[in-house]
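Reviewing the structure listed below.
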Amino acid sequence: MVELTFVMVKPEAVQQGLVGKIITRFEDKYFKLLALKVVNVSQKQGSDLYKQHQGKPFYDNLVEYVQSGPVVAMVLERENAVEMVRKMIGNTDPLKADPGTIRGDFGHSIDHNVIHAADSPENADRELKIFFMPEEIITTTS
Ligand code: CMP
């Protein structure tokens, strides 16, 4: 089924100039780019994005970190988009991520793991709304 997913390139990866390489991986796999922006994440956006981790020991650092520099947020579309992106980014911990995955190739540590992607279609819908107005998401790509 054709579906949307939400992806965010994290501050250290934007700083390192990895945005183009990461987008190329998705384009090479036939994802359609429906929305894209560079964002200075607010406290509210950061805490909303990561609300499922609230209460975990790493939560405060995570929300602070995502505000530490610009991120690149995007909405991608293709069949089975959520699962496919999760496969392409690899394990949350770059030390465990397979070579060939985005985190396996570019990630430094679990806190600096290059990229975030929604883990379900429901979360994709929730997360993309934190960053994009409906009119900012392209609906016709032909
Ligand atoms: P992300 O996919 O953005 O979702 C939550 C983030 O929390 C995760 O990537 C990691 O960068 C960060 N994190 C830090 N410690 C942990 C941990 N022990 N388990 C999972 N995520 C962690």
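A simple count of charges around L95, restricted to other residues whose Cβ falls under 15 Å of its Cβ and scoring Lys, Arg +1 and Asp, Glu -1, yields -2.
Computed from the C-beta positions of T139 and Q52 and an R0 of 22 Å, the FRET efficiency is 0.20 to the nearest 0.05. Dimensions of the stretch 2-136 from C-alpha coordinates, computed as largest minus smallest value along each principal axis and given longest first, are 36, 36, 25 Å.
Each residue, R86 and T24, gets one label point 7 Å from its Cα in the Cβ direction; the gap between the two is 2.8 nm.
Near F131, within a Cβ-to-Cβ distance under 10 Å, what is the net charge of the other residues, with Lys and Arg +1 and Asp and Glu -1?
Working: positive: K37, K129; negative: D48, E127, E136.
Here the count lands on -1.
Among the lysines of the chain, pairs at least eight places apart or on separate chains and with Cα atoms under 20 Å apart come to 20. Based on protein heavy atoms only, the stretch 2-136 ends up with 53 Å² per residue of surface accessible to a 1.4 Å probe. Spatially, the stretch 83-142 and the stretch 50-72 are offset by 15 Å when compared through their Cα centroids. Placing a label point 7 Å from the Cα of K129 along the Cα-to-Cβ line, the residues of the stretch 65-88 whose backbone N sits under 18 Å from it are 74-76.
Under a Cβ-Cβ cut-off of 13 Å, what is the net charge of the residues other than D105 that fall near it, where Lys and Arg count +1 and Asp and Glu count -1? Could the numbers behind the result be given before it?
Details: positive: K21, R25, R103; negative: D98.
My count for the surroundings of D105 gives +2.
Ignoring ligands, DNA and RNA, what percent of the accessible area of the chain is carbon or sulfur (1.4 Å)?
Details: 4070 of 7840 Å².
So the carbon and sulfur contribution to the accessible surface is 52 percent.
I need the trypsin sites (Lys or Arg not before Pro) found in the stretch 20-122, filtered to DSSP loop residues with at most 14 other beta carbons within 10 Å of theirs. Kindly include the intermediate steps, with their values, before the conclusion.
Working: sites: K21, R25, K29, K32, K37, K44, K51, R78, R86, K87, K96, R103; in loops: K29, K96.
Qualifying residues, ordered by number: K29, K96.
The values are calculated or read from the model by the stated rules, or taken from the named source; none is laboratory data. For clarity, every value in this text was computed on a predicted model and none was experimentally measured. In this analysis, Cβ positions are derived from the backbone assuming ideal geometry, glycine residues included, and neighbour counts consider all displayed protein chains. What goes into the accessible areas is simple: the full protein's heavy atoms, side chains included, and nothing from ligands, DNA or RNA. Shrake-Rupley method; radii C 1.70, N 1.55, O 1.52, S 1.80 Å.
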